[in-house]
Amino acid sequence: MRQKTEFLLSDKNVAQRLNVHRGTIWHWLKHDPTFPRPFKLSERCTRWRLSEIEAWENAKQRGAAA
């Protein structure tokens, strides 16, 4: 059985994907409980799972359409 590859995104990658400033990502992290939580690979290396960002985007789109 083949495992699914999980892509990891930096704050810069997430900001580019969502077309916002990097600071916005950190603001959402503090103020939006629905925004995906990152994890630390090391003290100075924080990453988000692409699958979680995609799920958050889809939920936002469904909410906007309702």
Can you give me the distance in nm between label points at residue 64 and residue 32, each placed 7 Å from the Cα along the Cα-to-Cβ direction? 1.0
At the level of C-alpha centres, the distance separating the range 1-29 and the range 46-61, in angstrom, is 7
Tell me, what is the per residue accessible area of the chain in Å², probe radius 1.4 Å? 80
Judged on accessible area alone, 1.4 Å probe, highest first, 42, 10 line up as 42, 10
Checked against the positive end of the charge dipole of the chain (+1 on Cβ of Lys and Arg, -1 on Cβ of Asp and Glu, about the Cα centre), the farthest of 51, 29, 64 is 51
Matching label for the computed semi-axes √(5λ) of the Cα gyration tensor in Å, out of [x] 31, 16, 11; [y] 20, 18, 10; [z] 18, 17, 12, is [y]
In nanometres, what is the gap between the two model label sites at residue 4 and residue 54, each 7 Å from Cα along Cα-to-Cβ? 0.7
Relative contact order in percent for the chain (Cα pairs under 8 Å, 6+ apart) equals 34
Could you check how much of the accessible area of the chain is carbon and sulfur, as a whole percent, using a 1.4 Å probe? 50
Candidates per GluC sites (Glu not before Pro) in the chain, loop by DSSP, up to 10 other Cβ within 10 Å: 6, 43
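The values are calculated or read from the model by the stated rules, or taken from the named source; none is laboratory data. Note that this is a predicted model, so its numbers are computed, not measured. Using ideal geometry, Cβ is built from the backbone for each residue, glycine included, and neighbour counts are taken over all protein chains shown. When the accessible area is computed, the model is the full protein with side chains, heavy atoms only, and any ligands, DNA or RNA have been set aside. Shrake-Rupley method; radii C 1.70, N 1.55, O 1.52, S 1.80 Å.
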